[in-house]
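Note sheet for the following structure.
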Amino acid sequence: MLLIQVNGESRQVPPGTKVAQLIAAMPLAGKRFAVERNGEIVPKSRLDSVILVDQDRLEIVIAVGGG
Amino acid sequence: MNDPLVIAGKSYASRLLVGTGKYRDFAETKAAVETSGAEIITVAIRRVNIGQNAGEPSLLEFLPTSRYTILPNTAGCHSAVEAVRTLRLARELLDGHALVKLEVLADDQTLFPNMPETLVAARELVADGFQVMVYCSDDPIQAKALEEIGCAAVMPLASLIGSGMGILNPWNLEIILDRARVPVLVDAGIGTASDAAIAMELGCDGVLMNTGIAKAKNPVLMASAMKKAVEAGREAFLAGRMPKKIYQASASSPSEGKIG
């Protein structure tokens, strides 16, 4: 298993997992979100092609109320 | 009256911009935003709560991008690096949308802008193609520097974020307005309708507020008041107020033809 960080929390994923597969397990259906991997944006068009590697750090964000 | 607010080449009928934080729920947010007439609304960018229920609605379902110009902010960022990262995520989230609100904060008690970091972030964002509306101190020199970097609008604070203290330094705002060649919007500190009207009477191009509406006892009614105040202040500015006469009264009724 690979050890990765998602929004600051550790989690394990099987080798070969794509970003899109990780996203599919999150409460994001039908919502606008964005993904950053190791400080770089992962465009929506590439979510299905980027394969996670050990020690990846992901940030997955949405829009919330704010000034 | 056709008097649009033009920011980065795009025209807006409303000169009131509103935030979407601090409301009781999304229904109240939506009602207040609709009543305010605002076309540009700010949002924050935050980590999705991974444990959240998938069925829970999101802000943008209540305030769709098809109806509003969403202005993502960098609230909570204390460095240029954090702010630029946040806005790159926002641009991806909003499908390439370039108009953003930059704020880099210095300390958590005052939420005063960290101007050195704000300038660094503004340079990087402008170079990367963002249209930057920037929260700044009410310092004419800093405001001009941000304009020269290429910011789309400068947004000096009226008073501390969330303080409701109104416009504490109208003289500085006048200097900023006198020199600016980009829109100047007052951002932060507006507590009630008269504060917004004064900002507009000074000649500000617009006003951005959140807490002044969201933390009123009746936010929807205050949203209505703010809409009218911004419109009234703008019309008064365009009309040109009468000169102030400190020592000399001037009767409004004719002195001729009095009885007796």
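Would you check if A:ALA34 is at pLDDT below 95 and either more than 7 Å from chain B (Cβ to nearest Cβ) or under 18 Å from B:VAL43 (Cβ atoms) (or both)?
Details: at pLDDT below 95: no; either more than 7 Å from chain B (Cβ to nearest Cβ) or under 18 Å from B:VAL43 (Cβ atoms) (or both): yes.
So A:ALA34 does not fit the description; no.
Just name the residue that is nearest to B:LEU160 (Cα to Cα) out of those in the range B:183-232 that are among the β-branched types (Val, Ile, Thr) and not in a helix (DSSP H, G or I).
From the range B:183-232, those among the β-branched types (Val, Ile, Thr) are B:184, B:186, B:190, B:192, B:198, B:207, B:211, B:213, B:220, B:230; that's our starting set.
Adding the requirement that they be not in a helix (DSSP H, G or I) leaves B:184, B:186, B:190, B:192, B:207.
Working: B:VAL184: 17, B:VAL186: 11, B:ILE190: 9, B:THR192: 14, B:VAL207: 14 Å.
Here the residue is B:ILE190.
Can you find, within the range B:30-58, the residue that is farthest from B:ARG234 (Cα to Cα) among those that are polar (S, T, N, Q) and in contact (Cβ under 8 Å) with a residue 60 or more places away in the chain?
So, considering only residues that are polar (S, T, N, Q) and in contact (Cβ under 8 Å) with a residue 60 or more places away in the chain, the one farthest from B:ARG234 (Cα to Cα) is B:THR42.
Go through the range B:23-75 and give me each residue that's closer than 22 Å to A:ASN7 by Cβ, aliphatic (A, V, I, L, M) and out of contact with any His (no Cβ under 9 Å at 6 or more places or on another chain).
Matches in the range B:23-75: B:VAL43, B:ALA44, B:ILE45, B:VAL48, B:ILE50, B:ALA54, B:LEU59, B:LEU60, B:ALA75.
Taking the range B:213-250 as the search range and keeping residues that are open to solvent by 90 Å² or more (accessible area, probe 1.4 Å) and among the hydrophobic types (A, V, I, L, M, F, W, C), which one is farthest from B:ILE40 (Cα to Cα)?
Applying the filter and picking the extreme gives B:ILE246.
Would you say B:ILE70 is under 20 Å from the mean Cα position of the chain (by Cα), at the interface with chain A (Cβ under 8 Å from one of its Cβ atoms) and closer than 26 Å to B:VAL126 by Cβ?
So B:ILE70 passes the test.
Of the numbered conditions (1) within 10 Å of another protein chain (Cβ to nearest Cβ); (2) touching a helix residue (DSSP H, G or I) at 6+ places or on another chain (Cβ under 9 Å); (3) open to solvent by 10 Å² or more (accessible area, probe 1.4 Å), B:ASN49 satisfies every one except a single condition; which is it?
All conditions are met except number (2).
From the list A:VAL6, A:VAL50, which residue is more than 13 Å from chain B (Cβ to nearest Cβ), over 18 Å from B:PRO72 (Cβ atoms), open to solvent by less than 70 Å² (accessible area, probe 1.4 Å) and under 12 Å from the mean Cα position of the chain (by Cα)?
A:VAL50
Among the residues of the range B:170-212, write down those that are open to solvent by less than 50 Å² (accessible area, probe 1.4 Å), among the polar types (S, T, N, Q) and away from every other protein chain (no Cβ under 14 Å).
Of everything in the range B:170-212, just one residue is open to solvent by less than 50 Å² (accessible area, probe 1.4 Å), among the polar types (S, T, N, Q) and away from every other protein chain (no Cβ under 14 Å), namely B:ASN172.
Does B:GLU92 count as free of Cβ contacts under 8 Å to residues at least 24 places away in the same chain, open to solvent by 10 Å² or more (accessible area, probe 1.4 Å), part of a helix (DSSP H, G or I) and more than 8 Å from chain A (Cβ to nearest Cβ)?
In short, no.
For the range B:221-260, enumerate the residues that are under 30 Å from B:ASN210 (Cα atoms) and of a type in the set (A, V, I, L, M).
Selection gives B:LEU221, B:MET222, B:ALA223, B:ALA225, B:MET226, B:ALA229, B:VAL230, B:ALA232, B:ALA236, B:LEU238, B:ALA239.
Report yes if B:ARG85 is in a strand (DSSP E or B) and open to solvent by 30 Å² or more (accessible area, probe 1.4 Å), otherwise no.
no
Taking A:ALA29 as the residue in question, decide whether it is over 12 Å from the mean Cα position of the chain (by Cα) and either surrounded by 19 or more Cβ atoms within 10 Å (Cβ to Cβ) or modelled with pLDDT under 95 (or both).
Spelling it out, A:ALA29 is indeed over 12 Å from the mean Cα position of the chain (by Cα) and either surrounded by 19 or more Cβ atoms within 10 Å (Cβ to Cβ) or modelled with pLDDT under 95 (or both).
The values are calculated or read from the model by the stated rules, or taken from the named source; none is laboratory data. From a predicted model like this one, the values you see are computed outputs, not experimental measurements. For neighbour counting, all protein chains shown are included, and Cβ atoms are generated from backbone atoms with ideal geometry for every residue, glycine included. When the accessible area is computed, the model is the full protein with side chains, heavy atoms only, and any ligands, DNA or RNA have been set aside. Shrake-Rupley method; radii C 1.70, N 1.55, O 1.52, S 1.80 Å.
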